[in-house]
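A short worksheet on the structure shown next.
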Amino acid sequence: MNAFALAFGEGTVVAKRNLRMILRVPELLLNAAVAPAMMTLLFGFIIGGAIDVAGVPYREYLLGGIFVQAVLFGAVNTGTAIAGDLRNGIVDRLMSMPISRSAVLVGRTTSDVVNSAVVITVTALLGLVVGWRVHSSFPDAVLGFALLLAFAYALSWLMAVVGLASRAPEVVSSTGFTIAIPLGFLSNAYVPIQSMPGVLQTIAEWNPVSAIVQALRVQFGNVDPSTAPDVWPMQHPVAASLLWIGVLLALSIPLAISQFRKAAGG
């Protein structure tokens, strides 16, 4: 068996261990689902009435942003969990076993994709209740959800770097949300980019969150693509999303492995 297959198999075992933790402490998953639910209700029923979106009901427009916000905030849990495992000696115990070092990271990021899938499912069901609908074909919708999960996986590697660098769950939580909140609000997640002033509009157009949100809205049929800003990421959101996901993975995976080797004592 080659090293990649061995790391994947051992990572699956570690992922099962992490998922069993969710079964024992379901509040971990519940907390991740509460934030998108609250934002859906807040923007959908209180703030959304003051936001004008051309050609589509605001709640349908909103859900693309809520989906991405859910995986953005959920990724913070990856860094927090890794920092907690380091502080509690879990990583040391795993490293005392005959498994590859990358298996710990593969297991953590894989289990967090499963968590993200559950949170996305809960968010989609809530969206259906408040009026969100998919107006595209089934394959287009599947591609939208696949893009979202791929983005969640890339974000989990990014937050793993943060968790391994800080090693304190409290620091990871504050640092993670310091990254996630500006990314979410300086984008098209909640309001059209055209409503933003000057330089903020340019930042939002090239924000990776904007590309993913626009890609979801297009794949779900929740936006008229002709109303998108005339910049490449907004005109080609699926290609831009795949590019951002690739860049995040290419940068984060080597950094995370390097940080993990230092944290695990070489």
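The values are calculated or read from the model by the stated rules, or taken from the named source; none is laboratory data. Note that the structure is a prediction, hence the values are computed from the model and not measured. Don't worry about glycine lacking a Cβ; one is built from the backbone with ideal geometry, like all the others, and counts go over all protein chains shown. When the accessible area is computed, the model is the full protein with side chains, heavy atoms only, and any ligands, DNA or RNA have been set aside. Shrake-Rupley method; radii C 1.70, N 1.55, O 1.52, S 1.80 Å.
Values as computed for the structure displayed
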quantity: Residues of the stretch 38-105: accessible area per residue with a 1.4 Å probe, Å²; calculated: 43 Å²
quantity: Cα-based helix-to-principal-axis angle, 102-130 vs the chain, degrees rounded to 10; calculated: 30 degrees
quantity: Residue-by-residue Karplus 3J(HN,Hα) for the stretch 163-171, coefficients 6.51, -1.76, 1.60, Hz, glycine and proline x; calculated: x, 6, 6, 8, 6, 10, x, 5, 5
quantity: Peptides 8-18, 85-95 ordered by average Cβ neighbours within 10 Å, highest first; calculated: 8-18, 85-95
quantity: Among 153, 80, 31 - extreme Cα towards positive end, dipole of the chain, charges at beta-carbon; calculated: 80
quantity: Paramagnetic reach from residue 226 (point 7 Å along Cα→Cβ, amide N under 16 Å) across the stretch 51-67; calculated: 54-56
quantity: Cα-based helix-to-principal-axis angle, 208-220 vs the chain, degrees rounded to 10; calculated: 60 degrees
quantity: Where the Cα pairs of the stretch 146-253 fall when distances are cut into 10 Å bins, in %; calculated: 15, 43, 31, 11, 1
quantity: Using alpha-carbon coordinates, inclination of helix 3-24 to the longest axis of the chain, degrees; calculated: 70 degrees
quantity: Computed over the stretch 1-115, the ratio Rg/Rh where both radii use C-alpha atoms and Rh is Kirkwood; calculated: 1.15
quantity: At R0 = 25 Å, FRET efficiency that the Cβ-Cβ distance of residue 93 and residue 170 yields, to 0.05; calculated: 0.65
quantity: Per residue accessible area of the stretch 192-266, 1.4 Å probe, in Å²; calculated: 46 Å²
quantity: Helix-only [θ]222 nm of the chain, DSSP H runs n ≥ 4, -39500 (n - 2.57) each, per residue, nearest 500; calculated: -26000 deg cm²/dmol
quantity: Sequence-separation-based contact order of the stretch 123-213, relative, with Cα cut under 8 Å and 6+ spacing, percent; calculated: 21 percent
quantity: Share of carbon and sulfur in the accessible heavy-atom surface of the stretch 109-189 [1.4 Å probe, %]; calculated: 77 percent
quantity: Packing rank of 68-77, 192-201, 124-133, where each peptide gets the mean count of other beta carbons within 10 Å, highest leading; calculated: 68-77, 124-133, 192-201
